[in-house]
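Student: Dumping the structure here so I can ask a few things about it.
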Amino acid sequence: MPSMSKIDKSDKSLTFDAINENKLNPDPRSRAWVEIDSKAIENNSRVLKKFIGKDCFLMAVVKADAYGHGAETVAKSALNGGADSLGVATLEEGIELRNAGLKCQILILGNLINKEELYSAFCWDLIPTISGIREAIICNNIAENNHKKFVIHLKVDTGMTRLGCSCNEVKELIDKIDYLENISLKGIYSHLAIADKDLENTNIPNFTKIQLTRFEKVLESLGARKRLLCKHLANSAGTLSDSRLHFDMVRVGLSLYGYFPANNFESDLRLIPALKVKARVTLVREVEKGTGVGYGHFFKTQRKSKLAVVAIGYADGVSRNLSGKISASIGGFLVPQVGAIAMDQMVFDITDKPDIKTGQVLTLLGTDGEVFISPQNWCDLSGTIPWEVLCSFRNRLPRVVT
Ligand SMILES: *Cc1c(COP(=O)(O)O)cnc(C)c1O
């Protein structure tokens, strides 16, 4: 019979007090979470607004739940910082922001194709992007039936080869749209395809220059008509690379969240990364040298080791491709992740930081003291781009706004 007498039940940290009803819902910080610094978003919005100058509008792009940061939080912080309008990808994203009480202009960057969607956009006062006459006619009919003008922006394809009418169609299309008297065409825009690629160069990259020239030519062909339109072209990379790309408005996503869209981009802009991914240690173990860790035993300990199990996995959005490649920070000390990242858990080797205890918090992404683990670090290791890393975090991870 094992002796029970050695168990100390009086350890203060382990004693259980009466149930407090308020504690029945778990603290969002109890397992793993995404922490959003709303002041950082506000700062970045202010910094970007100052950078583009007072004659240019700032559209905060908050599609895909604001790149995983939480659309409502980011939209409000960005507007507080000086953003003028919001950009979303889908109708539902626009409606979500209206339901959150936001009153500013909201442009839907995706293509709405059927009457029901366009009617819904009309009712919610969302601006659709139009690429051709088909949707323009639907919009006109909706507006006519409801005795109110339908505000739209027209998209022109200058080289992205995605949405937009072709450059040589624009003039004729606008003539037709102007003939549809219930439509109010308020903007014309295009989208840059490779502005981020060569941002390290001090000059505008060649293809971006070609897109700029095409866009300018289109505008020129409109004569005086263009003066009544909000003209916009630049994403984050375009915004940061050259003011000739700014026109009347810039549409900024990535940089609003605190990142530069290219590696090694030199800038004085004080952008602050707004997102952190944190998770708690759920178990600390000691194992012998030569012990296989996790599914597939992809890692075997090279020494007697101390391991920390952390409750976050690929179901939370940490790519399995990062297995054995990343580190996490605890108080500025980096500990390596070892073995395969599993659906809900992963393991860190804390042999060199043996004082780590159950319940302590590791920072997997973001700033922790002197250490900054950037989405770019993960991209370099797993072959993706920061945009994808940011919007990969699932809703199982609570968003905690600080
Ligand atoms: C997503 C998007 C943007 C923002 O791009 P970033 O590179 O994140 O700044 C701008 N314009 C359009 C049309 C987009 O789809």
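Values quoted throughout were computed directly from the atomic coordinates according to the rules given, and no laboratory measurement underlies them. Keep in mind it's a predicted model, so treat the numbers as computed, not measured. Note that we place each Cβ from the backbone using ideal geometry, even for glycine, and neighbour counts take in every protein chain shown.
Student: Based on the Cα gyration tensor of the stretch 38-257, what are the three equivalent ellipsoid semi-axes, each the root of five times an eigenvalue, rounded to whole Å and given largest first?
Tutor: Gyration-tensor ellipsoid for the stretch 38-257: 26, 23, 14 Å.
Student: ³J(HN,Hα) across the stretch 313-322 via Karplus (A = 6.51, B = -1.76, C = 1.60, θ = phi - 60°), whole Hz, x for Gly/Pro?
Tutor: My calculation for the stretch 313-322 gives x, 5, 5, 8, x, 8, 4, 5, 4, 8 Hz in order.
Student: Now, a different point. Can you tell me how much longer the chain between Asn395 and Ala315 gets when fully stretched, taken as 0.36 nm per residue apart minus their C-alpha distance, in nm with one decimal?
Tutor: My answer for the length gained is 27.8 nm.
Student: Only four residue types carry charge here, +1 at the Cβ of Lys and Arg and -1 at the Cβ of Asp and Glu. Report the dipole size of the stretch 57-170 about the Cα centre in Debye, rounded to the nearest 20.
Tutor: Once rounded to the nearest 20, the dipole reads 200 debye.
Student: How many Å³ per residue does the convex hull of the Cα positions in the stretch 275-401 occupy?
Tutor: 99
Student: Taking the Cα centre of the chain as origin, work out the dipole magnitude from +1 charges on Lys and Arg Cβ and -1 charges on Asp and Glu Cβ, in debye rounded to 20.
Tutor: With only Lys, Arg, Asp and Glu charged at Cβ, the dipole is about 460 debye.
Student: In what sequence do Leu240, Leu102 fall when counting other Cβ within 10 Å, fewest first?
Tutor: The order, fewest Cβ neighbours first, is Leu102, Leu240.
Student: R0 = 51 Å: FRET efficiency of Glu288 with Asp84, Cβ-based, nearest 0.05?
Tutor: 0.25
Student: Out of the DSSP beta bridges found with both residues in the stretch 275-401, what percent are antiparallel (nearest 5)?
Tutor: If we restrict to bridges inside the stretch 275-401, about 100 percent are antiparallel.
Student: Now, a different point. Neighbour counts of other C-beta atoms within 10 Å: give me Glu117, Glu144, Glu288 arranged from fewest to most.
Tutor: With the sparsest Cβ surroundings first, the list reads Glu288, Glu144, Glu117.
Student: A further question on this structure: Along the charge dipole of the stretch 275-401, Cβ charges K/R +1 and D/E -1, which of Val371, Gly292, Ala328 sits furthest on the positive end?
Tutor: Comparing the listed Cα positions along the dipole, Gly292 ranks first.
Student: Could you give the size of the charge dipole of the stretch 189-334 about its Cα centre, using +1 on the Cβ of each K and R and -1 on the Cβ of each D and E, expressed in debye and rounded to the nearest 20?
Tutor: My answer is approximately 480 debye.
Student: Still on this structure, please answer the following. With a/c under 1.5 counting as rounded, go ahead and sort the stretch 215-349 into rounded, prolate or oblate using the C-alpha gyration tensor (a ≥ b ≥ c being the square roots of the eigenvalues; past the cut-off, prolate if a/b is larger than b/c, else oblate).
Tutor: In terms of gyration-tensor shape, prolate.
Student: Taking θ = phi - 60°, what integer Hz values does the Karplus form 6.51 cos²θ - 1.76 cosθ + 1.60 yield along the stretch 169-184, in sequence order, with x for Gly and Pro?
Tutor: Working through the residues one at a time gives 8, 4, 4, 5, 5, 5, 4, 5, 4, 5, 6, 7, 6, 9, 9, 10 Hz.
Student: If I stretch the segment between Lys325 and Ile113 completely, what's the gain in nm (0.36 nm per residue apart, minus their alpha carbon distance), one decimal?
Tutor: 72.0 nm
Student: Could you check how many percent of all C-alpha pairs in the stretch 1-135 are farther apart than 27 Å?
Tutor: When all Cα pairs of the stretch 1-135 are counted, 44 percent exceed 27 Å.
Student: Angle, helix 38-52 long axis vs. longest principal axis of the chain, Cα atoms, 0 to 90°, nearest 10?
Tutor: Helix 38-52 and the main axis of the chain meet at about 40 degrees.
Student: Let me ask another. Report, ordered by chain and residue number, the lysines lying within cross-link reach of Lys300, taken as a straight Cα distance under 24 Å and ignoring same-chain residues fewer than 8 apart.
Tutor: Lys289, Lys325, Lys353, Lys357
Student: What Kirkwood hydrodynamic radius, in Å, does the stretch 324-399 give when the mean of 1/r is taken over all pairs of distinct Cα atoms and then inverted?
Tutor: Final number for the Kirkwood radius of the stretch 324-399 is 13.5 Å.
Student: Among Val400, Leu256, Ile194, whose Cα sits farthest toward the positive end of the charge dipole of the chain (+1 at Cβ of Lys/Arg, -1 at Cβ of Asp/Glu, about the Cα centre)?
Tutor: So the residue furthest toward the plus end is Val400.
Student: For the stretch 325-347 and the stretch 101-130, what is the separation of their Cα centres, given in Å?
Tutor: If we compute the Cα centre of each part, the gap is 42 Å.
Student: Based on Cα coordinates alone, diagonalise the gyration tensor for the stretch 146-240, multiply each eigenvalue by 5, take square roots, and list the semi-axes in whole Å, largest first.
Tutor: Taking √(5λ) for each Cα gyration eigenvalue gives 28, 13, 11 Å.
Student: Percent antiparallel among DSSP beta bridges with both residues in the chain, to the nearest 5?
Tutor: 50
Student: Please list, in chain and number order, the residues 5+ apart from Val401 or on another chain whose amide H is under 5 Å from its amide H, with Hs placed from the backbone.
Tutor: Ile36
Student: Please report Met249, Met346 as a ranked list, fewest other C-beta atoms within 10 angstrom at the top and most at the bottom.
Tutor: Neighbour counts put them in this order, fewest first: Met249, Met346.
Student: Tell me, what ³J(HN,Hα) does each residue in the stretch 251-258 have, in order and in whole Hz, if you take phi through Karplus 6.51 cos²θ - 1.76 cosθ + 1.60 with θ = phi - 60° and put x for Gly and Pro?
Tutor: For the stretch 251-258, the Karplus curve yields 10, 10, x, 3, 6, 4, 8, x Hz.
Student: Next up: What's the extension gain from Gln376 to Thr15 if we count 0.36 nm per residue and subtract their Cα-Cα distance?
Tutor: 125.6 nm
Student: Then there's this: Sequence-distant or interchain residues sharing an amide H contact under 5 Å with Phe57, placed H: which?
Tutor: Sorted by chain and number, the residues that satisfy this are Met249, Val250.
Student: Right, here's the next one. Would you kindly compute the Cα radius of gyration of the stretch 306-353 and its largest Cα-Cα separation (Dmax), both in Å?
Tutor: 10.1, 28
Student: While we're on this one: From the P(r) of the chain, can you give the percent of Cα pairs sitting at distances over 26 Å?
Tutor: 60
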